[in-house]
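This report refers to the structure that appears directly beneath it.
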Amino acid sequence: AGLDTLICFGSRVQLNGSVVGSSFRWTPNLNMFNRNSLSPIVAPAKTTTYWLFSEDTLGCPKTVIDSVLVQVSPKAIISAGNDTAISVNEPLQLNATGGSYYQWTPSTGLSDPSIANPIATLGANIDSIVYRVRGDNGNTCYGDDIIKVLIYKGGPDLYIPSGFTPNADGKNDVLR
């Protein structure tokens, strides 16, 4: 039935069976493409053992069985953090989580695009930028996330209230 293998969730792999017999069948055949072939493609959602049954109707009525294990590793759940805004040339600490290894693209303004927490410094020539971070969980399965950064050229616009009344009357009870 071939060699056991490891794939990432959402991936496919080709099985490579061989038989000396007059007929064969694979089971289970859920999420199996070309199931009538000795080399079907499978896309299991969880770790699955595939069984190859071979029969010979030319004098040997016994069925021969072999198996191949396809282990499914979970996709890395990567977070780039919340979208944000900064002023021109203000350093921004990015912080990706959920993986072991990271790659940020584009590398524009980044101190080191291959670490989880590079510092982004962006000049007045950029209005906004979308960074994508790809991270893997140590077994070649990866995930992606994006963060959008807006760059204010004239400094941030802030409204700071002069007071609030936390008396539970429904008016100005929360300072934001």
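Below is a table of values for the structure above.
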read-out	value
Reciprocal mean inverse distance between Cα atoms of the range 1-103 - Kirkwood radius, Å	16.9 Å
Solvent-accessible area, 1.4 Å probe, carbon plus sulfur percent, for the range 95-155	49 percent
Mean separation of Cα contacts under 8 Å, 6 or more apart, over the residue count of the range 3-116: relative contact order %	23 percent
Residue-normalised accessible area of the range 77-116, expressed per residue, 1.4 Å probe, Å²	56 Å²
Cα-based Rg / Dmax (Å) for the chain	27.6, 95
Theoretical gain in end-to-end length, residue 114 to residue 85 [0.36 nm per residue, Cα-Cα removed]	8.2 nm
Accessible area of residue 48 in the full protein assembly, 1.4 Å probe (Å², nearest 10)	30 Å²
Computed FRET value (nearest 0.05) for residue 95 with residue 23, which takes r as the C-beta separation and R₀ as 41 Å	0.10
Alpha-carbon centroid distance for the pair the range 38-53 / the range 54-97, whole angstrom	16 Å
Lysines with Cα under 22 Å of residue 75, excluding same-chain neighbours fewer than 8 positions away	46
Net lengthening on full extension, residue 53/residue 36 (0.36 nm per residue, minus Cα-Cα)	4.9 nm
Ratio of Rg to Rh over the range 81-176 (Cα coordinates, Kirkwood Rh, two decimals)	1.16
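The values are calculated or read from the model by the stated rules, or taken from the named source; none is laboratory data. Given the structure is predicted, the values throughout are model-derived calculations rather than measurements. Backbone-built Cβ (ideal geometry, glycine too); neighbour counts: all protein chains shown. In case anyone asks, the SASA skips ligands and DNA or RNA and just uses the protein heavy atoms, side chains included. Shrake-Rupley method; radii C 1.70, N 1.55, O 1.52, S 1.80 Å.
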